[in-house]
Amino acid sequence: MEELAENSQEENSCESGDADDKPQNRAKQKKKAHQNSCKKPSKHLQSQEMTGETSQSPGYNWQANFSTMASRLRFLLFNPLMSDVTFVVGAQKEKIPAHKFILSISSSVFEAMFYSLLANRSKEIELPDVEPAAFKNLLRFIYLDQASVGPENVMTTLYTAKKYSIQNLEKHCVEFLECNLCGENAFLLLSQARLFDESKLILNCLDVIDKKTQDSLNSEGFLEIDYDTLQFVLERDTLRIREVRLYEAVIKWADAQCIRKGLEGNNENRREVLKDTINLIRYPLMSIEEFAAGPAQSGLLTDSQIVRLFLYYTLNPKPMTEFSDTPRCCMTGRECIISRFLEVDSRWGYNGTSDRIRFQVDRRIFLAGLGLYGSIHGSQEYDATIQIVHTHSTNVVGFNKTKFSCDGSNQPFRVMFKEPVEIIPNTSYIAIATLKGNDSYYGTKGLKKICLQCSKGERVTFQFSYAAGNNNGTSVEDGQIPEFIFYI
């Protein structure tokens with residue numbers, strides 16, 4: 001009340017025109033002006049400082065309300081005050097004010113836009129290809145060195161950062177993507193990384209796809225990739241998956257592509273959308289049963305291709321084929337080996353009967369091969385057929401028919417599958433080895449359960465049991481198949 005009375009008196013003295021001449025009144029007015037200038041910012045201005053959004057003029061000497069340059073820049077963000085350009089952004093045509101000088105000291109693109117010989121002199125600049133939220137993120141980063149990046153806006157923000165050459169914001173977006181990269185989104189991010197030419201992100205996506213191929217192929221993102229990305233992935237040697245499963249995933253992609261193009265999902269249209277990628281499937285890596293049940297009946301291959309592939313499966317030596325038979329087994333992790341036996345003895349004979357051992361593991365692995373004992377009579381060559389059979393279904397999930405040479409030592413010799421065999425946890429399999437050759441060494445004092453510490457603290461537990469049937473004598477306690485070679 002006293003202040004109001006004082007103000008009233010001052011107004012009256014001003015109206016009379018004689019009070020201002022008095023020294024004491026002039027001193028009072030100076031003191032009051034100083035007090036007003038030292039007052040804290042109003043709640044309205046504090047809110048503006050926090051959000052950077054302004055709806056009305058802040059009045060004279062607004063700069064005094066903000067103690068740092070950072071707080072003043074925050075106040076000017078999205079603020080028409082002193083703004084000399086307005087961007088009309090996106091299909092929504094949202095108008096966003098900005099300041100040419102602030103933009104230009106952060107971006108060579110903005111500098112050329114506003115200060116070059118061909119500068120844009122317009123007060124409003126339309127950006128139809130940029131999302132408003134992404135452009136606001138860009139401005140927030142320029143004004144405040146901050147960005148609100150999340151799954152819903154990271155790709156549009158990355159696009160905008162690249163368009164206006166804000167490298168640190170690009171890096172921020174890529175780091176966010178890398179931190180959230182997993183099998184479920186690896187294909188989606190791979191397509192975007194290829195579009196934006198982000199080489200580091202491309203390599204990280206491919207690494208995840210190699211290590212978690214099945215999870216990646218099962219994702220919705222795989223069905224949405226473009227043709228070039230599909231071709232790019234099918235050319236890789238490092239996918240950890242059986243070829244028949246890869247073939248099945250490609251057929252699903254073809255069906256999804258037909259839907260996108262408004263085509264009926266028949267064989268003719270599948271061939272049309274797949275083009276040459278159908279020939280990137282490595283059919284020689286499939287078993288003859290897998291090929292006969294799937295690709296041979298799909299209608300995607302020509303009759304002559306089907307005949308040549310059946311000849312490949314049944315003839316020895318193998319005839320030439322137009323399809324690659326290079327195993328997709330260039331594994332990216334560290335190789336692991338478990339050994340079943342504590343001691344080695346001799347002799348173990350062969351009469352055409354297979355050695356078998358049943359096993360299961362407690363986590364998913366990729367079985368690359370088996371270690372087998374060789375001859376007790378010095379250097380010898382063996383004919384070897386190795387298989388992995390799914391116990392419940394009796395399906396052969398891994399196979400190779402080959403030869404291996406030994407030097408007469410009692411150390412196991414490596415025999416590898418055509419491609420890594422995916423072993424599902426807590427599922428029973430039978431490892432089978434059929435050898436033709438001289439008597440060999442064999443293992444004794446076998447272990448029923450083996451826990452192996454692998455790289456990066458990862459552990460795998462194998463459990464073994466006797467495999468009934470036509471068995472050459474191998475058991476948990478003694479026999480052949482001393483080693484399992486695998487990757488996690």
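The values are calculated or read from the model by the stated rules, or taken from the named source; none is laboratory data. Just so it is clear, the model here is predicted, and its values are computed rather than measured. Positions of Cβ are generated from backbone atoms using ideal geometry, with glycine treated the same way; all protein chains shown enter the neighbour counts.
General remarks:
- Taken over the range 384-403, the residue count meeting the criterion of being out of contact with any Leu (no Cβ under 7 Å at 6 or more places or on another chain) and more than 21 Å from residue 245 (Cβ to Cβ) is 4.
- Residue 353 vs. criteria surrounded by fewer than 16 Cβ atoms within 10 Å (Cβ to Cβ) and farther than 29 Å from residue 464 by Cα: no
- Within the range 456-484, residues that are more than 24 Å from residue 394 (Cβ to Cβ) sit with their Cβ atoms under 8 Å from residues that are hydroxyl-bearing (Ser, Thr, Tyr) and surrounded by 20 or more Cβ atoms within 10 Å (Cβ to Cβ), at 6+ positions apart or across chains, in these pairs: 478/442; 482/373.
- Which numbered condition residue 135 misses (of (1) more than 32 Å from the chain's Cα centre (by Cα); (2) modelled with pLDDT of 95 or more): (1)
- Residue that is surrounded by the fewest Cβ atoms within 10 Å (Cβ to Cβ) [pool: residues in the range 231-251 that are assigned to a helix (DSSP H, G or I), among the charged types (D, E, K, R) and out of contact with any Phe, Trp or Tyr (no Cβ under 8 Å at 6 or more places or on another chain)]: 248
- Residue match in the range 309-320 (condition: of a type in the set (Ser, Thr, Tyr) and in contact (Cβ under 8 Å) with a residue 60 or more places away in the chain): no
- Those helices (runs of 4 or more DSSP H) lying entirely in the range 98-177 with at least 1 residues basic (Lys, Arg) and surrounded by 19 or more Cβ atoms within 10 Å (Cβ to Cβ): 132-144
- Residues of the range 278-336 classified as part of a loop (DSSP other than H, G, I, E, B), of a type in the set (Gly, Ala, Ser) and exposed (fewer than 14 other Cβ atoms within 10 Å of the Cβ), total: 1
- For the range 319-361, taking the residues that are among the charged types (D, E, K, R) and at pLDDT 95 or above, the one that is nearest to residue 444 (Cα to Cα) is identified as 343.
- Test: residue in the range 420-442 that is in the same structural domain as residue 347 (by TED's automatic domain parsing) and in contact with a Pro (Cβ under 6 Å, 6 or more places away or on another chain): no
- Of the residues making up the range 457-484, just one is surrounded by 21 or more Cβ atoms within 10 Å (Cβ to Cβ), more than 15 Å from residue 349 (Cα to Cα) and among the small types (Gly, Ala, Ser), namely 467.
- Any hit, the range 258-278, residues being in the same structural domain as residue 226 (by TED's automatic domain parsing), within 29 Å of the chain's Cα centre (by Cα) and among the acidic types (Asp, Glu): yes
- First in the range 51-67 and assigned by TED's automatic domain parsing to the domain that holds residue 139 and under 16 Å from residue 78 (Cα atoms), second anywhere and at pLDDT below 50 and surrounded by 16 or more Cβ atoms within 10 Å (Cβ to Cβ), Cβ under 8 Å, 6 or more apart: none
- Residue match in the range 302-318 (condition: touching a Ser or Thr at 6+ places or on another chain (Cβ under 9 Å), under 24 Å from residue 360 (Cα atoms), of a type in the set (Ser, Thr, Tyr) and at pLDDT below 95): no
- Every residue from the range 414-447 that is within 38 Å of the chain's Cα centre (by Cα), surrounded by 20 or more Cβ atoms within 10 Å (Cβ to Cβ) and modelled with pLDDT of 95 or more: 429, 430, 431, 432, 433
- Set 361, 344: member being closer than 24 Å to residue 215 by Cβ and outside the structural domain of residue 212 (by TED's automatic domain parsing): 361
- One residue from 228, 210 being in contact (Cβ under 8 Å) with a residue 24 or more places away in the chain, surrounded by fewer than 19 Cβ atoms within 10 Å (Cβ to Cβ) and in the same structural domain as residue 190 (by TED's automatic domain parsing): 228
- If only residues of the range 56-92 that are part of a helix (DSSP H, G or I) and of a type in the set (D, E, K, R) are counted, the one that is farthest from residue 133 (Cα to Cα) is 72.
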